[in-house]
Amino acid sequence: MEGSVELARQHWAEGYRRLVRAKEPEPRLYARLVEQVEVVTTELRRRIGKSFTLAELAAAYARADRWARDAIEERAGSADWMSSATTAADAAFHLYARGARDYRP
């Protein structure tokens, strides 16, 4: 399980880096990503709650492709939501991981 958690955290960190990099050169993309991150974060709160471990979060991530895209699509403000959904989901997991009981930077 440790290896899958670390691999998931690498994906999450890369998604967060893509989010941050979009801020200056592409403000509209950045705004869309932030909205999508909020959607995924809301779903994470609903699905795993506020008390969780990184392993539990990684398990949710393994099943997130479908539900994260569905949640983003349902609340999408633009037609091009799909192009940024993976980055938004990864960034949301990265930020949410900081609340894990066993979080370490």
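Keeping every protein chain present and rolling a 1.4 Å probe, give me the accessible area per residue for the chain in Å². Before the final figure, lay out each step's value.
Details: 6310 Å² over 105 residues.
Counting only protein heavy atoms, the per-residue value for the chain is 60 Å².
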Notebook entry, point to check: To the nearest 10 Å², what's HIS94's accessible area with a 1.4 Å probe?
Noted result: 40
Margin query: At 7 Å along Cα-to-Cβ for each site, give me the label-to-label distance between GLU74 and ARG45 in nm.
Written below: 1.5
Next item on the list: Report ³J(HN,Hα) in whole Hz for each residue of the stretch 52-59, in order, from the Karplus equation J = 6.51 cos²θ - 1.76 cosθ + 1.60 where θ = phi - 60°; Gly and Pro get x.
Entry: 7, 9, 5, 5, 5, 5, 5, 5
Item checked: Cα centroid separation - the stretch 1-56 against the stretch 65-105, whole Å -> 5
Next item on the list: Read phi for every residue in the stretch 31-43 and hand back ³J(HN,Hα) as whole Hz from Karplus 6.51 cos²θ - 1.76 cosθ + 1.60, θ = phi - 60°, with x for Gly and Pro.
Entry: 4, 4, 4, 4, 4, 5, 4, 4, 4, 5, 4, 4, 5
Next item on the list: State the percentage of accessible surface on the chain attributable to carbon and sulfur atoms; use a 1.4 Å probe and exclude ligands, DNA and RNA.
Entry: 52
Check: Treating the beta-carbon of each Lys and Arg as +1 and of each Asp and Glu as -1, no other charges, what is the dipole magnitude of the chain about its Cα centre, to the nearest 20 debye?
Finding: 280
Notebook entry, point to check: Hey, with R₀ at 25 Å, roughly what FRET efficiency would ASP65 and ARG28 work out to, going by the Cβ-Cβ distance, to 0.05?
Noted result: 0.50
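The values are calculated or read from the model by the stated rules, or taken from the named source; none is laboratory data. Keep in mind it's a predicted model, so treat the numbers as computed, not measured. So basically every Cβ, Gly included, is an ideal-geometry build from the backbone, and we count neighbours across all protein chains shown. Surface accessibility is based on the protein's heavy atoms, side chains included, excluding ligands, DNA and RNA. Shrake-Rupley method; radii C 1.70, N 1.55, O 1.52, S 1.80 Å.
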